[in-house]
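Rule-based calculations on the coordinates, nothing more; no lab input. Quantities reported herein were computed from a predicted structural model and do not represent experimental measurements. Every residue, glycine among them, receives a Cβ derived from its backbone with ideal geometry; neighbour counts consider all protein chains shown.
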Amino acid sequence: MESFSNKRKVLEAKPLSFGERIYLPAILKGLSITLKHFFRKSVTVRYPEQKREFSENFRGMHSLKRDEEGRERCTACGLCALSCPAEAITMISAERKPGEEKLYREEKYAAVYEINMLRCIFCGLCEEACPKEAIYLDGDIVPADYLRKDFIYGKDKLVEAPLNQ
């Protein structure tokens, strides 16, 4: 029986040229790619100084609108919360008391209206479902923060300022 080492065939290695030994072709190819990128237009936006334009159908932060007289449009019907696939909207309705005619349009109003921005997928279905056109996704980008509780937006952050102020 022959040993295993005798069965192996030794392949002869062809000698490398001088250019292959110093990897010159690979170095030149890498440099040519680098030089091409030096003369291309930059794709980076220098954010604080330059801001990107948003598309027409951009959906920003939510806002609860007021009518012409400065009263809240929301009647706490709950259609926005029902249409939300992420279940990000919660509300508690209340009935208007005498003397609150300047604040609310209808007999019912949303005493508590909260949107969890961490759950919201900005689909716009709440905006489409609202029969009173009270909620819009027309704000700015939701700002970054460190605490989860700061992403639950109540009426203090959502209702737009009255016109007479």
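Miscellaneous remarks
- Over the chain: helical MRE at 222 nm, DSSP H runs n ≥ 4 each giving -39500 (n - 2.57), nearest 500: -5000 deg cm²/dmol
- Overall dimensions of the chain, expressed as equivalent-ellipsoid semi-axes from the Cα gyration tensor (√(5λ), whole Å, largest first), are 66, 24, 12.
- The angle between the Cα long axis of helix 24-38 and the main principal axis of the chain comes to about 20°, on a 0 to 90 degree scale.
- Ranking of Thr34, Thr90, Thr44, Thr75 by count of other Cβ atoms within 10 Å, fewest first: Thr44, Thr34, Thr90, Thr75
- The Cys residues in the chain with no partner Cys Cβ within less than 4.7 Å of their Cβ are Cys74, Cys77, Cys84, Cys120, Cys123, Cys130.
- With neighbours defined as other Cβ atoms within 10 Å of a residue's Cβ, the residues Val159, Val45, Val142, Val112 order from fewest to most as Val45, Val112, Val142, Val159.
- Whole-Hz Karplus values for the range 58-68 come out as 5, 10, x, 5, 6, 8, 9, 8, 10, 7, 5 Hz, taken residue by residue from phi with 6.51 cos²θ - 1.76 cosθ + 1.60 and θ = phi - 60°; glycine and proline positions read x.
- For the chain, built as a Gaussian network whose Cα springs stay under 10 Å, the top-fluctuating residue of Lys36, Lys97, Lys51: Lys36
- Restraint check, Lys132/Lys155; Lys51/Lys132; Lys65/Lys97; Lys29/Lys51; Lys41/Lys157, Cα-Cα greater than 28 Å: Lys51/Lys132; Lys29/Lys51; Lys41/Lys157
- Backbone geometry of the range 117-123 corresponds, through the Karplus equation with coefficients 6.51, -1.76 and 1.60 at θ = phi - 60°, to 3J(HN,Hα) couplings of 5, 6, 8, 5, 9, 6, 7 Hz, x marking Gly and Pro.
- When you filter the chymotrypsin sites (Phe, Trp or Tyr not before Pro) in the range 104-149 for DSSP loop state and at most 10 other Cβ atoms inside 10 Å of their Cβ, you are left with Tyr146.
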